[in-house]
Structure formats: structure tokens, C-alpha cells
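The values are calculated or read from the model by the stated rules, or taken from the named source; none is laboratory data. Please read all numbers here as calculations on a predicted model, not as lab measurements. Here Cβ is always computed from backbone atoms with ideal geometry, including for glycine, and neighbour counts include all displayed protein chains.
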Amino acid sequence: MGLLTIAKKNLKNNFSFYSFYFVSVAFVLMVFFSFISFSMNDTIMEKISSDGRVETMSRTVAVFVMTFVLFYMSYSNTFFMKKRMKELGIYSLLGYRKSTMVKLLTFENIVICFAALIVGITFGAIAHKGIVEAIVRVLKLQIDTSEVPIINPNAVLFTFVFIFAVLTVLFLSNWIILRKSSLLTLVRMEKKEEKKVKINTAFSLLGLFLILIGYFLALDITRGTKSFWKTIGFSPIALLTMLSVILGTIFFIQSFLPYAIQKLKKKKNWFYKESNIIIIPNFIFKVRSKAKTLILLTLLAAGTLAIFCSTILTLYYPVAATERIIPSAIEFPVEDKQLATKAIKIAQDTVGKENMKYKETTIIHATSSSDNLPKEYSAKKEHGFDLISESDYKELINIQDKNVEFKNLAKNEGILVKYRPEKEKLDKGKIYTLNLTPTNNVDIKIKETTLLNPIGFANSVGTLIISDQLYKEIKILGLTGKTMMSFNGADMRDNKEVYENLAPLFKNNIYFTSSYQKVDYIIQQNSSTFLLISFVTIIFFIATGSILYFQNLSSMMSNKDEFTILKRMGYNRKNIKRIISKEVFTLFSIPYVLGLTHSIFALLAYKTALMDDLLGKSSAFILPILVAVIIFTLVYIIYYLLTKRACYKIIFNDKK
């Protein structure tokens, strides 16, 4: 009974301190339970995964999530053990056995974990229900969500078994620590820090050099065929880049940061200031003593942010690229005039005549015998240029609500529509010979190139815009061609009803394209992946912020006496708060700045190597990355403010 009384009293007296641990564990378990419930939801899985891809990914993500929960709770347990070592040493002096102290710690862990588990399951069930509702709406699944139970019994059982396994690991960990610790060690362990690292000038410069080498290799991929990634090989350079950045991060944090700060200390005007003279020596000591943790957090932040950004980019960019893949809302070849007329009427009846514009465009196919023809020429099965008149092009671009920025063409001038953007306009100024008949050839000089394609890539690649005069002359010759019908208008690109009304007319026509259908398909294919990656991202963001939180609190508790001395020296509350704020900020800034920089270079390599640039606009890549960085930054700011507030409470023993 005495043991239970001590445990209850300890939890009650330290409730404010344990509250963050309780809330963070409850939140982690909420995410964990909602994910397990989702992965065990057979109804959803059957609908969103026909090939088992989502199930495989769910199992992979589950391993990451369980590993994190175990790591996070073990780390937190070790943190609280260090905090209470002096207290446990006193218990030992009073005659308590180590086995009794392990029981005390285990009982406290059970109370906190199972209370957090109840909260986590409750809110996790609500979160799971919300996720199911969102997926059903976004993917337009034919599922009655009322039939999906709020709480999945199998998920509850799995979560309880897993938490029991975690508590067993914590019990064994505490027992090993106490068994190896002497009475003196127990009393002094709270002050124990990680092994200090001596500053080595060579390692300092090596760290900076390795990081710069990694960044250089990441940038080198933008050189295309001339880059090391192409000449040496993708895999070896990717491995070399990753190792260079990882090793560089280790040496940079362990040696370069303390080395750089020591150099700055020589600037007396900067060093001998009210707060700097306190913060700088502490900063060097903390970087040395907590180097392993800062390295782990930097790499964790970089990896998490890179994965999160690449996932958002992978989902967003194909959606943005549909404006080039399918420039009109609806597009199909006119093979049956009556069918085309019927399609026009259906579209007009659906949205109203005033909201719908349509245009027929006849494309003429012409071959060429010129050397060094552009890639677009051979992109299709039947090699050749798709000729379109200047007036048809301008009219079609206009009803697509886009602007044309070139002057009228001379008779033998043309504008080539490029498939991909090029840094250097290699085709501009070239002359290509069109083979119209066995005895009739025409030379076309490329006046300009453009990415503004009028017809979708399913129906025209290698589109060549020529003058109206030349187009009329070529048309008389009776070359092979096809007529395309394009529908556009206000809100037509996102109009589900128009697509669903027209689709039955073109069931087996692979050249019938719809911007709405394309975007809907992309979202359905990627949303489950995005959801699973989001689970991992949330978990790892929590890990980074929580570890920084506990690290700073541990430092403040260890250095509390130093702040008492500062008070006696005349430092007022405002000055001490400024010192605390700067100390917390420095520890937060290292993994944030380095992690963010690492992830940006990683994303640059990812985008260049694995993503097909169709838009030629940097905003298409910057916007999704910016969104991910803002989310990451907001999480960091929240944890920074919580940490700073908790540190104030420790130093001033109040709630201000």
C-alpha cells in the first residue's frame, strides 16, 4: 500500500510536468489507433486497392509507426528516469529494494499509458471515422459509412497487445538501468550528460566540406546528360550524395558549430553583451553534450520533410499538368458528325449554351526528310508534324482562356509546340522540310517554340503552327488529317456532370479525354498513398518536437541553480527570459535549418530525376513544397512556444 501511495502522490504533485507527456502519448496513440483501424478496415481496403498495393504499403507504414511509438515512449521513459534518479537514490537510502523501485516506476507507467490509451482510442476512433468519411467523399466510393463501426474491436485488441509489449520493454529497460546503478550513481545520474566531443579543426572543416559536396552532387543532376548521375550512374551517385550529407551533418554538428562559435567569441563587441556572454558558452556545451540527439533530429527532420514534400508534389504536380495534357475541358476526334452534334447538345443542355464554347480544329499530318528533327516529330507511332493553322490555333487558345504572344506568321514561318521545356531553344531558327507530295516540298523556318499546346497529347504531339495561307495550300493537296472537337467554358474543366453525360457516347474511344476525369483519376490513384505518408509525417513531426521539448526541459532542470545565481547578480525577470528564449531557440534552430536545407536539395534531385517537367513553371514545384514547409514550420513554432513556456515555469516556479 505504501508503494501505491508514493506513486499516486508523485503523479499528483508532478501533474503539470507529466501532463505534456500524457497529452503527447495520448496524441501519438490516437494517430496509431486511427491508422491501425484504417489498415484493418476491409470495406475501405477492398474499394481503394484492387492490386494489394495499399495493403502492402499499410503494413510497411505500420512497422514505421510501431517503431516510432516504441522509440518515443522509451526515450520519454529514459528522460523521466534521469529526472527522478535523485529521488530513487533517496528511496534506496531509506531501505527500498531496487525491485520495489522498478514496481513503482512500472505502476506509474501503467497508469499514464493506459489513461493515455483510453483517450487515444476514443479520439482515434473519431479520427478514423472522419478519415473514412473524407476518403469516401474524395474518392466517391459507393460505401454507406454508417455501416462502418466507430470502434474496430480487432484494432483495440492489437493496440492493447502492442502497448503491453511496450510496457514490458520499459519494465526491462528500467530494471537494467537500476540494476547497473550504484547508490552514488543514482544520486548523480540526473546531472550525467553525453560524452563531450573535443573540437577538432580538421573535422570541423571536413563536416562543412562534406555537406557542400552533397549539395553540389544534388545540384549536378540539373545538368542532365552531362551530370555525374548520367555518366557514372544514378545509384552510386545517389548513395554517395546521401553518405556525404549524413557524415557531413555528423561532423558539422559535433565540430564545426562549436568551432565557428569559438571563433565568434573573439569578437569582443559581440560576445561581451548582457545575454551573449551567458548563452554562447552554454551553446557550445549543449552542442557538444547533445550532439547525438541533434544529429538524429536533423536527419529525422530532413527525411520526414523530404518524404512529405515529395508526396504532396507527386499528388499536386500531375493535377497542375493536366492543363497541358488536356488543355480543353473535353476533347475528342470527330469521326461521326451526328455523334459530335449530339455531344454538343448534351453539353449545352447540361451547362447552358452561354456557358459552353466549342470548336472544330482540323489537323493535317505531314512527314519530313530533314536531318536532326525535334523529338516531338517521332513521339507518335506515325512520325510527322501535326499541322494547324495560325487562326485556328489562336481561336482555340482564346476559348481556353489563355493568351497568345506572337505576331502573325509569314508564309513559310512556323511555331513548334514543344512537349517539354528546354533551357536553350535549340529548334528556334531551324528549317524543316515538309514532304507534302512526291514532287512538292516546303521549307518551314521555326520562328519560335511554345509550351502552349492547343490539342491534348493523346491526340497531337509535334504540333506545328503554320500560316493560314500555307495551311490552305496544303489542305487542298488532300493529305491525311483528322478533325478534333474541343469543349470549353466557365467551370467546364471541373464539371463532373458534363463528363458523366458524355462518357457513355465514347465508351471505347481512347481518344476521348476529359480534364475532370483525368484529375479525378490522379486523386484516386494517389490519395491513399498521401494518407499513409501523412500518418508517418505526423508521427515523425511529433517525435522531433517532443524530443526537443524534453531535451530543453532536462537542460533547464540541470541548470536551474545557474539561473538562481544570475538573479542574485542582478539579472531581472525580463533578461532571464530573454536568455532562456535564446537558448531554446538555438537548440530548435539547428535541426530545423539543417533539416530544411537538406530536404530542399533532396527534393531538387528527386524532382529532376523522377518527375517529367511539362509546365516549365517553377511555381508548379514551389507551391506544394512551400505548403509542406509552412506546415513543418508551424509544428516547430508550436513546440518552440510550448517548450519556452515550460522552461519559464521551471526557472520561475510559476505559471506566468
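Details
- Of all residues in the range 173-220, exactly one satisfies the criterion of being at pLDDT 75 or above, in the same structural domain as Met73 (by TED's automatic domain parsing) and crowded, with 18+ Cβ neighbours inside 10 Å, namely Asn174.
- Tally, over the range 391-416, of residues that are in a strand (DSSP E or B) and not β-branched (Val, Ile, Thr): 3
- Tallying residues that are out of contact with any Leu (no Cβ under 9 Å at 6 or more places or on another chain) and either exposed (fewer than 15 other Cβ atoms within 10 Å of the Cβ) or outside the structural domain of Leu387 (by TED's automatic domain parsing) (or both) within the range 436-468 yields 3.
- Subset of the range 336-362 (residues that are touching a residue at least 12 places away in the same chain (Cβ under 8 Å) and under 30 Å from Leu464 (Cβ atoms)): Leu339, Ala340, Ala343, Ile344, Ala347, Met356, Lys357, Tyr358, Lys359, Glu360, Thr361, Thr362
- For the range 47-56, the count of residues that are over 22 Å from the mean Cα position of the chain (by Cα), acidic (Asp, Glu) and modelled with pLDDT of 70 or more is zero.
- For Tyr419, the criteria (1) touching a residue at least 60 places away in the same chain (Cβ under 8 Å); (2) assigned to a helix (DSSP H, G or I) hold in every case but one, which is (2).
- Contacts under 6 angstrom Cβ, first residue in the range 389-405 being more than 19 Å from Asn355 (Cβ to Cβ) and at pLDDT below 90, partner in a helix (DSSP H, G or I) and β-branched (Val, Ile, Thr), 6 or more apart: Val404/Ile397
- Residue count for the range 316-354 satisfying the condition of being outside any helix (DSSP H, G or I), touching a strand residue (DSSP E or B) at 6+ places or on another chain (Cβ under 7 Å) and either among the aromatic types (Phe, Trp, Tyr) or under 22 Å from Asp401 (Cα atoms) (or both): 7.
- Only one of the listed residues (Val111, Val156, Val119, Val102) is of a type in the set (Val, Ile, Thr) and at pLDDT below 80. That residue is Val102.
- Extreme residue, surrounded by the fewest Cβ atoms within 10 Å (Cβ to Cβ), among residues of the range 474-524 that are of a type in the set (Gly, Ala, Ser) and in a helix (DSSP H, G or I): Ala503
- The test for being crowded, with 17+ Cβ neighbours inside 10 Å and either within 34 Å of the chain's Cα centre (by Cα) or not aliphatic (A, V, I, L, M) (or both) does not hold for Phe585.
- Members of the range 312-343 that are over 19 Å from Asn398 (Cα atoms) and not assigned by TED's automatic domain parsing to the domain that holds Thr537: Pro333, Val334, Glu335, Asp336, Lys337, Gln338, Leu339, Ala340, Thr341, Lys342, Ala343
- Test: residue in the range 551-571 that is hydroxyl-bearing (Ser, Thr, Tyr), under 18 Å from the mean Cα position of the chain (by Cα) and in a helix (DSSP H, G or I): no
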